[in-house]
1. Checking residue 223 against (1) in contact (Cβ under 8 Å) with a residue 24 or more places away in the chain; (2) under 23 Å from the mean Cα position of the chain (by Cα), which test does it fail?
2. Mind counting the residues in segment 249-272 that are farther than 25 Å from residue 328 by Cα, touching a residue at least 24 places away in the same chain (Cβ under 8 Å) and either open to solvent by 50 Å² or more (accessible area, probe 1.4 Å) or touching a strand residue (DSSP E or B) at 6+ places or on another chain (Cβ under 9 Å) (or both)?
3. Those residues that are open to solvent by less than 40 Å² (accessible area, probe 1.4 Å) and closer than 26 Å to residue 151 by Cβ, I need them from segment 180-194; list them, please.
4. Restricting to segment 172-190, and then to whatever is without any contact (Cβ under 8 Å) to a residue 12 or more places away in the chain and outside any helix (DSSP H, G or I), can you tell me which residue is nearest to residue 275 (Cα to Cα)?
5. Please work out which one of (1) at pLDDT 90 or above; (2) assigned to a loop (DSSP other than H, G, I, E, B); (3) out of contact with any helix residue (DSSP H, G or I) (no Cβ under 7 Å at 6 or more places or on another chain) is the condition residue 198 fails and give its number.
6. Looking at this structure, is residue 206 touching a residue at least 24 places away in the same chain (Cβ under 8 Å) and either in a helix (DSSP H, G or I) or surrounded by fewer than 12 Cβ atoms within 10 Å (Cβ to Cβ) (or both)?
7. Condition check: of a type in the set (Phe, Trp, Tyr) and within 30 Å of residue 90 (Cβ to Cβ). Does residue 296 satisfy that?
8. Looking at (1) over 16 Å from residue 122 (Cβ atoms); (2) open to solvent by 40 Å² or more (accessible area, probe 1.4 Å); (3) not aliphatic (A, V, I, L, M), which one does residue 246 not meet, given that it meets all the others?
Amino acid sequence: MTVSTRSAAAAGQGAGGSRGPGRRRERPGRLRRSFAAHWYAWAMVAPVLVVMLVLIGWPLARGVYLSLTDANEANIGRTIGVNVIPSTYEFVGLDNYLRILTSGLFWDKLTWTVIWTVVCVAAHYGIGLALAVMLNRRLRFRSVYRVLLILPWAVPAFVAAFIWRYLYNSDYGVINGMLELAGLGPVGWLDEPATARIAVIAVNVWIGVPFMMVALLGGLQSIPAELYEAAEVDGAGPWQRFRAITLPGLRQVSSTVILLGTIWTFNMFPIIFLVTRGGPGSETEILVTYAFREAFTGVRDYSGSAAWGVIILLMLVVLAVGYRRTLRSQGDPW
């Protein structure tokens, strides 16, 4: 009886073993397991993904394709009344990119764009942090100050640009009027390259500081007050507390807002276009405004404009990836 039982067990093992690893049930992939566990979330996200593919994915793919052709106003397909004119542009490969990257114009625009971005983001962060520290203290009418300081961010960019263009007007602008009352001569703010660049930087700083202030103020309020109390008991001064507690406590918030501010400022089209229209000449044009000029003014060079846009996108992607890796190497979980 014992022998028969063992034989049956061995036969069962043999039968099970006969299925072997070749017929073993495979474990589903990560995406499949995620869909099975969170199918409701995927269903909710699906419409957004479709909209993003239509509004972002397709134009991006079309732009990349046009950047590899010689498409312009003369050879692009179009419909005039009942007449359909087919496209006659041709594939030229990387010619547009080589033409742009080997031109002095691109490097001039890139240099000014980098200066514009660095100065604006540094001013955004410095002034925003100072205001956030001030508003984080107990202060009379603090709510009123917060509302007044957040107003520039609430005003649409194009409205702010038109207001500042009026303020900078050489003949009847408010700024020159105040200079005349102070006994100083008028300044052609938008007529000279140096003053025009200072003018657009001032406008962008005025618009961007409130966002930095609000974000950093939220970060300051998340730092435990006990840390400051313990440091004060240990004899740490205000600057020591700021350097040892405030700045490390704001590290994650700061890294995020600096990256976002850099991307937004690098592509800040409305301020440059509406305040100076790139002038005088093209002295205040950044990369994105010049790409717009290529596509919508004069002889419209769609392929060249698309190539400028792809180059801008690649630079921002490289910047974001490099910035993120730098933060991770420093121990930041972001």
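1. That leaves (2) as the condition not met.
2. Total meeting the criteria: 1.
3. Hit for segment 180-194 is 190, nothing else.
4. Within segment 172-190, the match that is nearest to residue 275 (Cα to Cα) is 172.
5. Status for residue 198: all satisfied but (2).
6. Judged against the criteria, residue 206 is a match.
7. Judged against the criteria, residue 296 is a match.
8. (2)
The values are calculated or read from the model by the stated rules, or taken from the named source; none is laboratory data. Fair warning: this is a prediction, and the values are worked out from it, not measured in the lab. Positions of Cβ are generated from backbone atoms using ideal geometry, with glycine treated the same way; all protein chains shown enter the neighbour counts. Surface accessibility is based on the protein's heavy atoms, side chains included, excluding ligands, DNA and RNA. Shrake-Rupley method; radii C 1.70, N 1.55, O 1.52, S 1.80 Å.
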